[in-house]
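Here the structure comes first, spelled out in structure tokens, and everything after it is commentary.
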Amino acid sequence: MDVAVQVLLWAMALLSPFLGVLASGEPMSVAFMVTSYALPYVLFLMLVFYGNYFFLIPGFLFRRRSLAFVLGNVALVGLLRLLLDVFMHWQLGGGPPIPSGVRVASNLLSTLVIVLFILSAIALRVQKRNRQLEVEAAVAERERLKSQLNPHFLFNTLNNISSLAAFDPDATQASISRLSDMLRYVLYEGNKPLTPLSEETAFMEDYVELMRLRYADTLKVSLSFGHPEGELPPLLFISLLENAFKHGASSRHACYICASLTEADGCYCFSVFNSLLQPEERDASARKGGGVGIENLRRRLRLLYRDTDYSLQVGERRGFVFEGRMLDVPAYEAVLKIKVQRKKH
């Protein structure tokens, strides 16, 4: 868009004297002659503008070398003005002498125009630089949040394996092997901008199987992922699943977690429901701290998508459907919808 606007503005600068002469009633030949006289000055302004935009501003002004920037402009404008004066003198064949008052006014006006063009070059370049900095900051923040997620996930999982090791060494060995596969996914797929949904759901299934080892006697989990197609940024859904285990998985009483992934109305919908812990367990969970996962997810979503391309709803409710029957228990729900973005061929 910036390039198109610049082309339009330069075309207007060149065509304005042409159209102005035609509007005054002069013939086309006079309009072309006046335009030919204006062309060198337009080229002069273009060289001043782009000399600043591409060289002097990033080379000196952005590096806080203000004196070098000013001297560079003096040298650039002086040299170009000398060349322009020589060319115009040759083109006009000398011409009649210009009154001193007119010459002073012309020089002041030319200086003002040159300064305005230099300032406009600075403004455009600063605007472009700010956009680049915003993009770089967003990318850096996204990567920081992703790196924050991975240790958070690893911390929770190692806690589960540590608890398991006390009473079931064989299951501990199996869980370590499964964790190795999961970490391989985090390391290799987590660094990609997009990952197939099938691999993301397989990762979550491994996670659930790992968690089952700790809560085998009390936990019932229902997964319905189907065979999703398409790609999404990696490690988005796992935060909601982790949160369900954090606030719903218990080794003391029956607990339920239900997760599903569907595609409807142009959106992927990932929903997780879990029964809530007993009050004393909830207090113990709260004392352990945490809460990183959901807030981390919100911030990643804001960086990855526009507000209209996703929605995240979380909160407590009464009851949810588990394997076809309604469980009338205190529950927590989390529903993430993301607009499907198909690849253009």
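Tell me whether the stretch 255-270 contains one or more residues that are β-branched (Val, Ile, Thr), farther than 12 Å from Leu336 by Cβ and modelled with pLDDT under 90.
Scanning the stretch 255-270, I find no residue that is β-branched (Val, Ile, Thr), farther than 12 Å from Leu336 by Cβ and modelled with pLDDT under 90, so the answer is no.
Can you tell me which of Thr201, Thr172, Thr157, Thr111 is hydroxyl-bearing (Ser, Thr, Tyr), in a helix (DSSP H, G or I) and at pLDDT below 65?
Thr111
Are any residues in the stretch 215-234 aliphatic (A, V, I, L, M) and in a loop (DSSP other than H, G, I, E, B), and if so, which ones?
If the condition is that a residue be aliphatic (A, V, I, L, M) and in a loop (DSSP other than H, G, I, E, B), then Ala216 is the only one that fits.
Within the stretch 191-200, which residues are crowded, with 18+ Cβ neighbours inside 10 Å and in contact with a helix residue (DSSP H, G or I) (Cβ under 9 Å, 6 or more places away or on another chain)?
Thr195, Glu200
The values are calculated or read from the model by the stated rules, or taken from the named source; none is laboratory data. What you are looking at is a predicted structure, and each value in this text was computed from that prediction instead of being measured. Quick reminder, even Gly has a Cβ in these numbers, built from the backbone with ideal geometry, and neighbours come from all protein chains shown.
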